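What follows is a single structure, written as structure tokens, with notes after it.
The values are calculated or read from the model by the stated rules, or taken from the named source; none is laboratory data. Treat the numbers as computed from the prediction; the structure is a model and nothing was measured. All Cβ positions, even for glycine, are placed from backbone atoms using ideal geometry, and neighbour counts span all protein chains on display.
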Amino acid sequence: MTHNPLHSKRILSRRGFMKLAACLSLTAPVLGCVPSATDGADGPLSPFQLWLSLIRNAGAPISSTPTVLVIGAGMAGLAAAKQLQLQGVAVRILEARNRTGGRIHTDRSLGIPVDMGASWIHGPQGNPITALAQAAGAGTYLTDDESLVVYDAQGNEISDSVMDAAYAQYLELMERVDDEATPDQSLAQAIAAIDPTFLTDPVMIYQLSAYAEFDAGGAIEVLNAAEWDEDEAYPGADVLLPSGYDALVDHLAQGLDIHLEHVVQQIHITDSGVEVQTNQGTFVAEYCICTLPLGVLKAGAVTFDPPLPVAFQEAIAKVGLGHVNKIALRFPVRFWDDELQYVGYTAPIKGQYPYIMNVSKFVPGVNMLMTFALGAYGLVTETQTNEQIQNDVMAMLRTIYGDVPAPDGVLVSRWTQDPYSQGSYSLAGVETRAGHFEQFAENVAGRLFFAGEHTTARHRSTVHGAYNSGLRAADAILARR
């Protein structure tokens, strides 16, 4: 295939390509698009040297008497705990799973590291996760987003000229949505008001799924037309971590007091502190940082005593939740184009595996493809068996490549069925406003603080958003001491 500027823009990464494209169109330098470490709705973050010290000094000693309890050993919880520990604060993490990482989960059951949750560092330039990866000694792989071929539902390759024209049309459509959408419209409703034929055109549906739905995490029918892409991105092409994202988790977790398989049941705020009841007893501290995923908060799996203020309850109810799932397939032989990074597919059902990632490009020696169930179809896969999912994916692959062998290993994520996540990542739903994300930057009674990817409007649904929110919560406690 030919390589041209439109292909370089037709990115399959999950975060903010529209924002970056708009930023690059300005006459200011690219670095002008990078949000500072202290501005915006996220509140003040630690200076550069403080978080650099955090990632370089992951082996600080464990404290025995906690001043702060952190609920959750995902990226937000680990970042908060490490920063507090480095400042001499005794901290303990209570984690429900039998592992650290949360929705960062590197599965090695097929003999290689396969990230079934977070995969990319979205926008590596100025991104704190880039520095964390370097400190952890984790190598990165720069994705070649120009390396893409799209096929129609009959298995015919769609020409570059057609895809270029379609992408230009997609960008124009998104600009019109930005200009014309009302706050109470879904993205699908806004598109229908402009031109309903866009919602039946296979190539446009492919783009809406592979770009908008994957970027935001939910179906265009539930995304807020005015808010769905109002977040920000660091610059630079996205990178993957071939050795597994868990290298970053393991690095941060070193030296922290982490209690695994401690399922939190209730958070009770008292006059003197916080009591956290778990399946393995009650823990007491002066402060608590709650990094429970949005899906767990929505399900009411953990009760708060007294109940959370109305503004927090409203934020939990109205911030949307996405349902993205991954399917990784290992094959005995490689039958696809070894040079391609991505393969697109105009699936007959929106969100049904619209593109495929060639894992063999960044993990040498393995014959593996990964595809994605997006939007409403992400929930469909939650109800299917691995055999049903494999059959559907293989039908797509055989439409494109002909009679190809069955996989000898399959992995499927089901983040909504997971009781400790109950969804993939947050999104701006029809009822969501930026203030709902920002509400989580507040505290309750000066004792309870929140962190996680759902607690930041600016960098929601990203690992770096979770990381920064953990630093924010730690800073808020340090400011009170």
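Please go through the range 215-237 and give me each residue that is surrounded by fewer than 24 Cβ atoms within 10 Å (Cβ to Cβ) and touching a strand residue (DSSP E or B) at 6+ places or on another chain (Cβ under 8 Å), ordered by number. Passing the criteria: 221, 237. One residue stands out in the range 271-299 among those that are touching a helix residue (DSSP H, G or I) at 6+ places or on another chain (Cβ under 7 Å) and not in a strand (DSSP E or B): the one that is farthest from residue 474 (Cα to Cα), namely 298.
If the condition is being over 19 Å from the mean Cα position of the chain (by Cα) and of a type in the set (S, T, N, Q), then the range 435-480 contributes 439, 443.
Selection over the range 336-362 of residues that are buried (at least 17 other Cβ atoms within 10 Å of the Cβ) and outside any strand (DSSP E or B) gives a count of 11.
Pairing residues of the range 98-112 that are touching a residue at least 60 places away in the same chain (Cβ under 8 Å) with residues that are charged (D, E, K, R) and part of a loop (DSSP other than H, G, I, E, B), at Cβ distances under 8 Å and at least 6 apart in sequence or on separate chains, gives 98/261; 105/99.
When every residue of the range 146-160 is checked against the conditions, at least one turns out to be in a loop (DSSP other than H, G, I, E, B), more than 19 Å from residue 467 (Cα to Cα) and at pLDDT below 95. Residues in the range 363-374 that are part of a loop (DSSP other than H, G, I, E, B) and over 18 Å from residue 209 (Cβ atoms): 363, 364, 365, 366, 367.
Just so you know, in the range 317-335 the residues that are surrounded by 19 or more Cβ atoms within 10 Å (Cβ to Cβ) and of a type in the set (Val, Ile, Thr) include one that is nearest to the chain's Cα centre (by Cα), and it is 324. Set side by side, the residues 214, 304 differ, and just one is assigned to a helix (DSSP H, G or I), on the phi < 0 side of the Ramachandran plot and among the aromatic types (Phe, Trp, Tyr), which is 214. When 184, 179 are checked against the criterion of being over 30 Å from residue 417 (Cβ atoms), in contact with a strand residue (DSSP E or B) (Cβ under 9 Å, 6 or more places away or on another chain), among the charged types (D, E, K, R) and exposed (fewer than 15 other Cβ atoms within 10 Å of the Cβ), 184 stands alone in meeting it.
Answer yes or no: is there a residue in the range 263-270 that is buried (at least 20 other Cβ atoms within 10 Å of the Cβ) and under 24 Å from the mean Cα position of the chain (by Cα). Yes, the range 263-270 contains a residue that is buried (at least 20 other Cβ atoms within 10 Å of the Cβ) and under 24 Å from the mean Cα position of the chain (by Cα).
So which of 427, 374, 478, 369 ends up being closer than 17 Å to residue 78 by Cα and at pLDDT 95 or above?
Working: 427 fails: closer than 17 Å to residue 78 by Cα; 374 fails: closer than 17 Å to residue 78 by Cα; 369 fails: closer than 17 Å to residue 78 by Cα.
Checking each option against the conditions leaves just 478.
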